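Have a look at the structure below before the remarks.
No value in this document is a laboratory result; all are computed from the given coordinates. In this text, all values refer to a predicted model and were calculated from it rather than measured experimentally. Using ideal geometry, Cβ is built from the backbone for each residue, glycine included, and neighbour counts are taken over all protein chains shown.
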Amino acid sequence: MDNNTLLKKLDSLSIEEKIGQLIQLTGDFFEGDIDTVVTGPLKKLGLNVGYNIYNTGSILNITNPEKIIQLQTDYLEKSIHKIPLLFMADIIYGYRTIFPIPIAQACSWNYEGIEHAGSIAAQECYDEGVHVTFSPMVDIVRDPRWGRVMESPGEDTLLAKKYAESMVQGIQGRNLEGIIPANKIAACVKHFAAYGAPVAGREYNAVDMSEHTLREYYLPGYQAAIEAGAKLVMTAFNTLNGVPATGNEWLNRDVLRREMNFNGVLISDYAAIEELIMHGYAEDEASAARISLLAGVDVDMKTAIYANQLEKVVSDNEHMLELLNEAVYRVLKLKNDLGLFEDPFRGLQETVQRSRNSILSDEHKKAALSLAEESVVLLKNENQLLPLSKHTKVALIGPYADENSTLGMWAIKGDEADTVNLKMGLLKHVDPDNLSVCKGAHMLPANAREALGKYADKLAAETVDEEALLHEAIRNANEADVIVLALGESIYQSGEGGSRTNPTLPKPQMKLLHELSLLGKKMVLIVYSGRPLILTEVAGKVDAIVQAWYPGTMGGEALANILYGEINPSGKLAMTFPRSVGQIPISYNELNTGRPNLKENGSYRFASRYIDEVNEPLYPFGYGKSYTSFEYSLLTISQKEMKKNESVDICISVTNTGIYDGKETIQLYIRDKFASVARPVKELKDFKKVFLQSGETQNVEFSIHEEMLKFYDREMQYKSEPGEFDIYIGSSSQEILLSFSFVFLPEDEHE
């Protein structure tokens, strides 16, 4: 449909019909006769009795293809203007083929693999009739207490930008004409803005940050998604400097639409428009509707505010009516870009008639396995305990030893029955006679299980005596050469609403670990989690630590391949692991202070330091061990004085000096030594991930250009300034192996 036809379609709608296009409901509104709907979901949501559900624009979280065909068919039969429904769903990191959670994916530093994961999720969604996914989430996070760390790309702006771009291109494709091709769906970047920085790490809490920090670190990830073509943006639940994001006209119209040039659909998060009242920002429902429309929110997800109040808000108000028309046009354009006016089912009828070969295909599982292998991070490997010999007698112990619930909280279509768990993975490598398996401890203490309510029904059913579990574990461990201890937080302890004041291993598991450590056996710890856990107490009791995250459908096989050396671990942390809760929030790219904690000052009191803990984290950003070793040497630097439109080109040599083939991620950091605002001690500006066979040497090139030197100054102007810059190259933010300085001297300054 061309644009003129689309505008005519818009003009043909009444105000009531236009408002309907901005409403998102769930599928239960379309089930049963009208009397059932009126007394059921309509009443529950508070929609006026006269609301015509066949004006509704979109449906939330219906993913069954037969149901989608039924709903779309019935809707179009009863709809006057035959404008198809949009079907949107929370497909965050996989539909049925579940990939590692996003924080884990970011630890792969493999953005081609991440884009491929996004394309597979889109393919499976397309084949099941889903039109829009609420992904990617690109919220920067520096506080592991926050539950939604699992959905985030971590603490670094560059990685967030790359994650945003890769996921949008994977989900939507790289079509620059605006039309979303077959086998692709629309991407929705979220949560706008700064949702990942809640005060005290508490879900839905206020965000209080300077505009400089917002622009410098938090907005670039969203900008990258928009530049990659994301069709939708979702508002955040939080207030930002006192103004709720969903009702923030400056944020959504001035910044998002004008500065960031976003012209797609802005959708509220679940019930966020109604929550403007609870925030104390809107006096009543009519006020909430008016504020949200003024702020540019196009779609009201799962409340009755727009449906009940918007007609009163726009009547006799030319400006508000104009804003309504703009919002409806954006929704119609999204439907048009998806091709729904030509085919409201997007090929779904034909897909349902044939077998849906994409769902959990061998090709998709192979991709999930590969990304899981690269997402795992080896944190410790004392005396090269890993990889294990296939002839070693192993006691696999822990709540995650034989547990399929390793997909993370937001794998809404993932089926645990499809999951390869750790036991299954190990049995692909070892004879059953060399593997004993037992649980050893409950996942959580009883009081914690109760606190999780309905989300822990399965956990609450644990009735076996804890001492009996422990005795069985000790017996198995005594008969083994090596203990592989599979521990972690429950999937329900992370994700939305999963904030924790003390993100450590649960107490029953800590007791198990302590008792097993007394046996004097070699011990490998596998950590399943949706966030960095505080492992300070744990690290000294085990010989090796493998950070598994929630690794997805093929996680057990990926971990087994690493444990037995079929794969050399290459993951690098996308988020810092603190030593203590007291260090939180923590990130590698902190600002320097006027009194830095310099090593040469020893325990000098009046420095920026703790008196009961070191400043440094347990495991820094960018960190991750390998079974092999790498040696760096600097070959060439093109120049040490750079002008505008020039670059500093660097060539280094990287050699695999160990006995295993492996991948290394070479990281380049820059420090601006003097500027008009204080700058971080270092910032990641580029990286290269290379594969090297044992003994192989490769030359790796980097190019530093002016864009890498830009920042927001005191007037919020994004610019570079002349000055001296330090370059650090290494294997993590703390393991710097090469360094040098150069001067940026713009031509006019030089002259």
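Pairs of Cα atoms nearer than 8 Å and 6+ residues apart set the relative contact order; for the chain it is 13 percent. Put in order of Cβ neighbour count within 10 Å, fewest first, the listed residues THR628, THR463, THR97 become THR463, THR628, THR97. Counting only residues at least eight positions apart within a chain, or on another chain, the aspartates and glutamates with an alpha carbon under 15 Å from that of LYS161 are GLU112, GLU115, ASP139, GLU151, GLU216, GLU227, GLU683, ASP686, GLU707.
Among beta bridges from DSSP that stay inside the chain, the antiparallel ones total about 55%.
In terms of its C-alpha gyration tensor, the chain comes out oblate, because a/c is 1.5 or above while a/b does not outweigh b/c. Please list, in order, the residues from segment 420-445 whose amide nitrogen is less than 11 Å from a point placed 7 Å along the Cα→Cβ vector of LYS507. The answer is 445, whose backbone nitrogens lie closer than 11 Å to the label point. When ARG579, ARG500, ARG258, ARG96 are arranged by Cβ crowding within 10 Å, least crowded first, meaning fewest neighbours, the order is ARG258, ARG500, ARG579, ARG96. Go ahead and run the numbers for FRET between GLU479 and GLN384, Cβ-Cβ distance against an R0 of 25 Å, rounding to 0.05. With a Förster radius of 25 Å, E is 0.55. For the chain, adding -39500 (n - 2.57) for each run of n ≥ 4 DSSP H residues and dividing by the number of residues yields -8000 deg cm²/dmol at 222 nm. Of LYS663/LYS685; LYS67/LYS302; LYS44/LYS82; LYS599/LYS688; LYS366/LYS710; LYS511/LYS682, which ones are farther than 29 Å apart at the Cα? The answer is LYS599/LYS688; LYS366/LYS710; LYS511/LYS682. Please say if segment 211-256 is rounded, prolate or oblate, where rounded means a/c under 1.5 for a ≥ b ≥ c the square roots of the C-alpha gyration tensor eigenvalues, and otherwise the choice is prolate for a/b larger than b/c and oblate otherwise? Because a/c hits 1.5 or more and a/b fails to exceed b/c, segment 211-256 counts as oblate. An oblate overall shape is assigned to segment 611-751, the ratio a/c of its alpha-carbon gyration tensor axes (a ≥ b ≥ c) being 1.5 or greater and a/b not exceeding b/c. Its residues counted as N, segment 185-331 yields a C-alpha radius of gyration over 2.2 N^0.38 Å of 0.99. All Cα-Cα distances of segment 3-353, cut into 10 Å bins from zero to the largest, leave 6, 26, 35, 25, 7, 0 percent in each bin in turn.
Taking 0.36 nm per residue of separation and subtracting the current Cα-Cα distance, fully stretching the chain between VAL743 and ARG605 would add 46.2 nm. Here VAL484, VAL538 are placed in order of increasing Cβ neighbour count within 10 Å, fewest first, which gives VAL538, VAL484. With equal scatterers on the alpha carbons only and no solvent term, can you work out the Debye log10 of I(q)/I(0) for segment 497-554 at 0.17, 0.18 1/Å? Ignoring solvent entirely, the Cα scatterers give -0.61, -0.68.
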